[in-house]
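What follows is one structure encoded as C-alpha cells, with my remarks underneath.
The values are calculated or read from the model by the stated rules, or taken from the named source; none is laboratory data. Remember, it's a predicted structure, so these values are computed and weren't measured experimentally. Note that we place each Cβ from the backbone using ideal geometry, even for glycine, and neighbour counts take in every protein chain shown.
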C-alpha cells in the first residue's frame, strides 16, 4: 500500500476517534444538564441584621454532598472552604448585598450550582406602656395587670440606596404565637395590646414581608409584667412638688409645724393622679385618716408648735383602680417628729 493511502487511513482514524470522544463528552454534558438533582442554599439567621454573622449551608435531597467537591464564592471571590457544606460570612450595612455562590461536583461527575443574595435589614421595637407617670418623668411606666401597651415597629430596610417608608411595608404582628390578623397589613407599624389574664409576660414579635410574603426583617421582645407602685413627694410651699426626690423610707420633720405629702399612682391605668375610678385610703399608725384636700394629698402637723419629744409615725396608703381589680398598690414611710 502506498504511503499516500496510509496517510489517508490515519487521518480517517484520528477523525473518527475525535468525533467519538466529542460525542461522548456531549452526551455526558447532556446528562448533567438534564439531571433532576438540585442544590439550594439556606441561611441562619433567616433575617440577618447589618453586621450579623450568617451561616450559609448548601443542601440537596438527592445528591451525596458528603463526598462531593464543593467550591464557595462570596462576591465572586473563591473561598478556601472547599468541600465544607457551610460557610460563615458577616453581613454588610443595611441595603448592601452580599452574593454567595456554590458549585457542587459529585463523584459521579454531576455539577450543580446555586446562588443566594443576602441583604441585611433591621427592625426595632419600641414598647410604650399606656399608664400614668409623674410630670417630667424621663423613664417609662411599668406594664401592669389589666393595662394597655403600645408597640411601634421602626424598620430599617434599604433598597437601591433608598430607605423604604413604613407605609410601603407589610407588617405581620404575632402575640404569643398567635397572628394578630386585624392589626397586620400594609403600613401597620403600630399596635395596641392588652395584658393577659391570668397575668404573665407577653411575647410580641413583628415580621416585615415583601410582596411575595418573604421575610425582609423580624424582631421580637418579651414584655415583662410588673405591678403599679405608689411614690410619695413633698409639696413644698416655696418650690412646689419636689419630684427630684421621692420620700422612701422616712422623712425628718424636726421642729417644722407641718408638711404636705403628695402621692402619685405610678403605672396605674389612670389619665391623671385622681380619676373617678381611683380609691385612696390613708392610714397613720394603721388608723384610717382623711385626706387633706385632694384624695392623694395629706398634711402632717406637729402636736404643738415647739415639740420637744421625739416620736415616729408610720404613714401608709392604699390605692385601687375600682374599674380594674388587679390594679392596686400599697406604700408607706415613717415621719420623725420632734427634736
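Would you mind stating whether residue 120 is under 22 Å from residue 218 (Cβ atoms), touching a residue at least 60 places away in the same chain (Cβ under 8 Å) and buried (at least 16 other Cβ atoms within 10 Å of the Cβ)? Explain how you work it out, then say what you get.
Values: under 22 Å from residue 218 (Cβ atoms): yes; touching a residue at least 60 places away in the same chain (Cβ under 8 Å): yes; buried (at least 16 other Cβ atoms within 10 Å of the Cβ): yes.
Yes; evaluated as a whole, the condition is true for this residue.
Residue 184 is checked against (1) surrounded by 13 or more Cβ atoms within 10 Å (Cβ to Cβ); (2) assigned by TED's automatic domain parsing to the domain that holds residue 321 and fails just one. What number does that condition carry?
(2)
Any residue at all in region 295-311 that is in a loop (DSSP other than H, G, I, E, B), under 47 Å from the mean Cα position of the chain (by Cα) and modelled with pLDDT of 90 or more? Let's see the steps before the verdict.
In the first step, residues of region 295-311 are kept if they are in a loop (DSSP other than H, G, I, E, B); the result is 295-296, 302-310.
Filter once more, keeping what is under 47 Å from the mean Cα position of the chain (by Cα): 295-296.
Checking the rest, the ones that are also modelled with pLDDT of 90 or more come to 295-296.
Within region 295-311 (the criterion being in a loop (DSSP other than H, G, I, E, B), under 47 Å from the mean Cα position of the chain (by Cα) and modelled with pLDDT of 90 or more), the answer is yes, since at least one residue qualifies.
What's the number of the condition residue 195 fails, among (1) in the same structural domain as residue 148 (by TED's automatic domain parsing); (2) surrounded by 18 or more Cβ atoms within 10 Å (Cβ to Cβ); (3) modelled with pLDDT of 90 or more?
(3)
With respect to residue 95, determine if the residue is surrounded by 17 or more Cβ atoms within 10 Å (Cβ to Cβ) and either in contact with a strand residue (DSSP E or B) (Cβ under 7 Å, 6 or more places away or on another chain) or outside the structural domain of residue 196 (by TED's automatic domain parsing) (or both).
yes
Residues are listed down the side, and each one gets a yes or a no for (1) assigned to a strand (DSSP E or B); (2) closer than 26 Å to residue 137 by Cβ:
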residue: 231; (1), (2): yes, yes
residue: 244; (1), (2): no, yes
residue: 256; (1), (2): no, no
residue: 273; (1), (2): no, yes
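Go through region 125-149 and give me each residue that's loosely packed, with under 14 Cβ neighbours inside 10 Å and within 30 Å of residue 97 (Cβ to Cβ).
Listed by number, the list holds a single entry, 126.
Only one of (1) out of contact with any strand residue (DSSP E or B) (no Cβ under 8 Å at 6 or more places or on another chain); (2) free of Cβ contacts under 8 Å to residues at least 40 places away in the same chain; (3) surrounded by 15 or more Cβ atoms within 10 Å (Cβ to Cβ) fails for residue 61. Which number is that?
Residue 61 satisfies all of (1) out of contact with any strand residue (DSSP E or B) (no Cβ under 8 Å at 6 or more places or on another chain); (2) free of Cβ contacts under 8 Å to residues at least 40 places away in the same chain; (3) surrounded by 15 or more Cβ atoms within 10 Å (Cβ to Cβ) except (3).
Of the residues 234, 257, only one is touching a strand residue (DSSP E or B) at 6+ places or on another chain (Cβ under 7 Å) and at pLDDT 90 or above; which?
The match here is 234.
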